[in-house]
Every structure is written in structure tokens, then in C-alpha cells.
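Here is the structure we will look at, set down as C-alpha cells.
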Amino acid sequence: NAHLSGGTGWPPERKRAYANDLSFRWHLIPVLATENRKKGSKGPESYGPPRREFWCQYGMAWASVKIRWGLTIRKDEQKAVKLLTDSC
């Protein structure tokens, strides 16, 4: 998703830094492999955590990572993030 949101032009070092960023607690969240495959590169407009009690954190994390890395957020993504964070 980062690739489609502005990361396509990043140099390899920045892509590597993004993929391995452990300095921000919500950047990489461990999940089951089956759930990770379901999500793939989908944004919140196409995928949401199966556990509703995680929606708030997921929406906040999604928006925070986009801002932190200067990535674009489409209108449908923005709407979905609002829906997720309205559960906070």
C-alpha cells in the first residue's frame, strides 16, 4: 500500500527503513499469517480487523503511519479511517 501511496519513488534505503521501522509501536503489528494474507496490501476501505475492539487502534495506526511517512491518503481510505476511529 505504501508503494501505491507515494512510496514508489522512494530510494531503496527509504523502502527498507519503512519496511523495518520498529521505532514506532504501531508500524508493525504482529498478526496471524492467515490474517496477514487476507489483508495483503489492502487499505482500510477494503479490509478491517475481524475483532471490532481493535478497529480504533487500527484506524489510528493507519493514519499515523501515513502521516509519519508522508504518504497520501485517498478519500475512500480517509472515510474508512474515520469509520474505524469513530469506534474509539
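Heavy-atom accessible surface of the range 17-63, averaged per residue, reaches 69 Å², computed with a 1.4 Å probe. Length gained on full extension, K38 to Q78, computed as 0.36 nm times the residue gap minus the Cα-Cα distance: 12.3 nm.
Could you name the lysines whose alpha carbon sits less than 20 Å from that of K79, not counting residues in the same chain fewer than 8 places away? By straight Cα distance, K79 reaches K39, K42, K66.
Between P44, Y58, C88, the Cα set farthest toward the positive side of the dipole of the chain (charges on each charged residue's Cβ, about the Cα centre) is that of P44. Only the Cβ atoms of Lys and Arg (+1) and of Asp and Glu (-1) were treated as charged; on that basis the dipole of the chain about its Cα centre amounts to roughly 100 debye. Approximating the spin labels as points 7 Å out from Cα along Cα→Cβ, the T8-to-V31 distance works out to 2.4 nm.
The accessible-area ordering, largest first, of the residues L71, L83, L28, L4 stands as L4, L83, L28, L71, per a 1.4 angstrom probe.
The values are calculated or read from the model by the stated rules, or taken from the named source; none is laboratory data. Because the structure is a prediction, the values reported are computed rather than measured. No Cβ is skipped: glycine too gets one built from the backbone with ideal geometry, and neighbour counts run over all protein chains shown. SASA here: full protein model, heavy atoms, side chains in, ligands and nucleic acids out. Shrake-Rupley method; radii C 1.70, N 1.55, O 1.52, S 1.80 Å.
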